[in-house]
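Notes for the one structure printed next.
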Amino acid sequence: ISPAERDKAVFAEQTAAETIRTVEAQVKSTDAQVSNASAVVKQREAALASARNELDKTRITAPVDGVVISRQIDAGQTVAASLNAPTLFTIAQDLREMQVEVAIDESDIGKIRQDQKVTFTVDAFSGRTFDGRVRQIRKAAQTVQNVVTYTVVVETPNPSLLLVPGMTANVRIIADSRENVLKVPNAALRWRPLGAVSPPRAYTFR
């Protein structure tokens, strides 16, 4: 054969050998990826087994037995517990005993005492009056738009379950009362005899 054909055949042989080495390197790389994937699968299987073990040992128990007011977490949602335990449900232990949190102005808080009688109404039952008593006077002040108020907790029975959490109440606290007191109409204090002439008004000229 001619030298040109010989050189061409040698170049083809070298190219084929280089292609073989490249394919072999690719095969080794693929084998390494397969080994890595197998290791990842084993890690995931170990993590799954650990999660199943923790799930078998986990029991979520409510601290009280009552009525669920609100739910913060849906089924399947991940709960991240750090330093503070997350709230899953808000549960009312007994709706037959309710309390009303009343905002009292600072000018009136000095008249409030424990066990004072309280009457209040709610918009849901406008024609009905509910009774209660002052149970607690909280000392922490709250300032809203430069108005200082204090929270007074009023306890009230709810045997018929008419009151539900979240209602707005119009509260009247009886700070003082008197029994067997003689009442005089205001008109008696402004009595004027018939024919009496009103005194002349004094005018000042400037």
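The values are calculated or read from the model by the stated rules, or taken from the named source; none is laboratory data. Computed from a prediction, not measured in an experiment: that's the story for all the values here. Neighbour counts run over all protein chains shown; Cβ positions are idealised from the backbone, glycine included. SASA here: full protein model, heavy atoms, side chains in, ligands and nucleic acids out. Shrake-Rupley method; radii C 1.70, N 1.55, O 1.52, S 1.80 Å.
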(message) So, in segment 10-23, exactly how many residues are open to solvent by less than 100 Å² (accessible area, probe 1.4 Å) and either among the acidic types (Asp, Glu) or under 30 Å from Val79 (Cβ atoms) (or both)?
(response) 1
(request) Return the total of residues in segment 53-66 being exposed (fewer than 10 other Cβ atoms within 10 Å of the Cβ) and outside any loop (DSSP other than H, G, I, E, B). (result) 4
(message) Looking at segment 145-159, can you tell me whether even one residue there is free of Cβ contacts under 8 Å to residues at least 24 places away in the same chain and open to solvent by 70 Å² or more (accessible area, probe 1.4 Å)?
(response) yes
(request) Look at segment 160-176 and say how many of its residues are more than 11 Å from Val102 (Cβ to Cβ), surrounded by 17 or more Cβ atoms within 10 Å (Cβ to Cβ) and β-branched (Val, Ile, Thr). (result) 0
(request) Identify all residues within segment 82-107 that are within 29 Å of Ser177 (Cα to Cα) and open to solvent by less than 70 Å² (accessible area, probe 1.4 Å); write none if there are none. (result) Met98, Val100, Val102, Ile104, Asp105
(message) Looking only at segment 6-44, how many residues end up being within 54 Å of the chain's Cα centre (by Cα) and among the basic types (Lys, Arg)?
(response) 2
